[in-house]
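One structure is given below, encoded as structure tokens.
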Amino acid sequence: MNRLRVPISLQPLLNSLRDLLPIVIVVSTFQLLVIRQPLPNLLDLLLGILFVVIGLSLFVKGLEMGLFPIGQSMAHAFARKGSLGWLLLFAFALGFGTTIAEPALIAIAREASEIAAAAQLIHSSEDAMQRYALGLRYTVALSVGLAIILGVMRIIRGWPIHWLIVGGYICIIIITEFAPREIIGIAYDSGGVTTSTITVPLVTALGVGLASSLQGRNPMTDGFGLIAFASLTPIMFVMLYGMVIH
């Protein structure tokens, strides 16, 4: 019996639906069997799931068509050009620019400013909260820019990644002892929100493209790892930011 062939234009939608299906099953199971309540606004929920499937499909397609190719092509171009200074400047700008535009970081910075104002750690005026949130975003973006520089240097020089990661987390543990309690949770969360929808594709493409362009480097063993640095450095920088403003 011949398998039902799906039009190629619908394949991304079906892939996104397949990826989203476990979440739908878990939520529905607990809502109906454990909480024993009907799903509220069922029509709105179904419409929302449809929007998520469409949006996820378009996002993945956009990564494949735009972000991954441009990141790899620019890494190849800089490697052929042989200019370390321009490569590091591009790495910093890429890390800084993608992080400052990260929706998850914008959301957590806004939430942190509201909580800080409610706890009377900063003035409750709108200007004070905006300055706090913006300062948090710039701090994280700066740390990610420096992290990408460190990751690029690791690829070029062949430094072992585990020693850099271990050393970084030792520094984090030490700084945690001196940082204000109010900023520690925000700092650790900042390390996660930076590695989201915008930052990850471009930074990963940069690392893989650079490792593919350099003689003696393996894209599998050397090209990955930039995201680990981008998750580590914001924790340190945000705690230092908290020590200054609190």
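Which pairs do you get when a residue that is more than 29 Å from Arg217 (Cα to Cα), found in the range 133-151, comes within reach of a residue that is among the basic types (Lys, Arg) and surrounded by fewer than 20 Cβ atoms within 10 Å (Cβ to Cβ), reach meaning Cβ atoms under 6 angstrom, with the pair 6+ apart or on two chains?
Every condition considered, the pairs that remain are Ala133/Arg110.
Among the listed residues Leu63, Leu42, which satisfies the condition of being surrounded by 15 or more Cβ atoms within 10 Å (Cβ to Cβ) and either farther than 23 Å from Ile184 by Cα or free of Cβ contacts under 8 Å to residues at least 12 places away in the same chain (or both)?
So the residue among Leu63, Leu42 that is surrounded by 15 or more Cβ atoms within 10 Å (Cβ to Cβ) and either farther than 23 Å from Ile184 by Cα or free of Cβ contacts under 8 Å to residues at least 12 places away in the same chain (or both) is Leu63.
I'd like the full set of residues that are surrounded by 16 or more Cβ atoms within 10 Å (Cβ to Cβ) and either over 22 Å from the mean Cα position of the chain (by Cα) or of a type in the set (A, V, I, L, M) (or both), limited to the range 154-173. Talk me through it step by step, then tell me what you get.
Narrowing the range 154-173 to residues surrounded by 16 or more Cβ atoms within 10 Å (Cβ to Cβ): 154-156, 161, 164, 168, 172.
Ile155, Ile156, Ile161, Leu164, Ile172, listed by residue number.
Test Thr176 against the criterion of being modelled with pLDDT of 90 or more and more than 18 Å from the chain's Cα centre (by Cα), and give yes or no.
yes
Are there helices (runs of 4 or more DSSP H) fully within the range 178-240 with at least 1 residues that are touching a residue at least 12 places away in the same chain (Cβ under 8 Å), in contact with a helix residue (DSSP H, G or I) (Cβ under 7 Å, 6 or more places away or on another chain) and open to solvent by less than 10 Å² (accessible area, probe 1.4 Å)? List them. Write out each step before concluding.
Numbers: elements: 181-193, 199-213, 219-222.
In the range 178-240, the matching helices (runs of 4 or more DSSP H) lie at 181-193, 199-213.
For residues that are touching a Ser or Thr at 6+ places or on another chain (Cβ under 6 Å) and modelled with pLDDT under 85, scanning just the range 192-235, find the one that is nearest to Pro69 (Cα to Cα).
This residue is Leu202.
Suppose we filter Leu39, Leu32 for residues that are of a type outside the set (Val, Ile, Thr), more than 24 Å from Ile227 (Cα to Cα) and modelled with pLDDT under 80; which single one remains?
On inspection, the qualifying residue turns out to be Leu39.
The values are calculated or read from the model by the stated rules, or taken from the named source; none is laboratory data. Owing to the predicted nature of the structure, the values given are computational and were not obtained by experimental measurement. Reconstructed Cβ throughout: ideal geometry from the backbone, glycine too, with neighbour counts over all protein chains shown. To get the accessible areas, we keep the full protein, side chains included, count just its heavy atoms, and leave off ligands, DNA and RNA. Shrake-Rupley method; radii C 1.70, N 1.55, O 1.52, S 1.80 Å.
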